[in-house]
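The values are calculated or read from the model by the stated rules, or taken from the named source; none is laboratory data. Given the structure is predicted, the values throughout are model-derived calculations rather than measurements. Neighbour counts are summed over all protein chains in view; Cβ atoms, including those assigned to glycine, are modelled from backbone coordinates with ideal geometry. Accessible surface is based on the protein model in full, side chains and every heavy atom, while ligands, DNA and RNA are left aside. Shrake-Rupley method; radii C 1.70, N 1.55, O 1.52, S 1.80 Å.
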Amino acid sequence: MNSPQNQSRVAFQSKRLRYELLDESHITDEYISWLNDPQTNRFLESVREVQTQESVANWICKTHSDPHR
């Protein structure tokens, strides 16, 4: 879990938490299901439309290419 590749994605880490930059390796069926659960995500913008692996990958690409995000 602490390979050099994984370390390059770490944005913040403490004793109890580890925040990684979101990338395509995080797009799983479970993640998509979570994004599409209206009760879980009722306050997120993503609840307005059905999320797919493609839409999430596009969002990640757009977010990573925007220097203001």
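Listed values, structure above:
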| item | result |
| --- | --- |
| Residue in the range 59-66 that is more than 22 Å from PHE12 (Cβ to Cβ), in contact (Cβ under 8 Å) with a residue 12 or more places away in the chain and out of contact with any strand residue (DSSP E or B) (no Cβ under 7 Å at 6 or more places or on another chain) present | no |
| Check on SER25, surrounded by 10 or more Cβ atoms within 10 Å (Cβ to Cβ), modelled with pLDDT under 85, among the hydroxyl-bearing types (Ser, Thr, Tyr) and not in a loop (DSSP other than H, G, I, E, B) | no |
| Residues of the range 26-42 satisfying the condition of being more than 24 Å from VAL10 (Cβ to Cβ) and free of Cβ contacts under 8 Å to residues at least 12 places away in the same chain | ASP29, SER33, ASP37, PRO38, GLN39, THR40, ASN41, ARG42 |
| Selection count, the range 40-69, where residues are in a loop (DSSP other than H, G, I, E, B) and modelled with pLDDT of 90 or more | 3 |
| Tally of residues being surrounded by 15 or more Cβ atoms within 10 Å (Cβ to Cβ) and among the polar types (S, T, N, Q) across the range 28-40 | 1 |
| Condition check for ARG16: more than 25 Å from SER65 (Cβ to Cβ), modelled with pLDDT of 90 or more and basic (Lys, Arg) | yes |
| Residues of the range 7-22 satisfying the condition of being of a type outside the set (A, V, I, L, M, F, W, C), open to solvent by less than 80 Å² (accessible area, probe 1.4 Å) and closer than 21 Å to CYS61 by Cβ | ARG9, GLU20 |
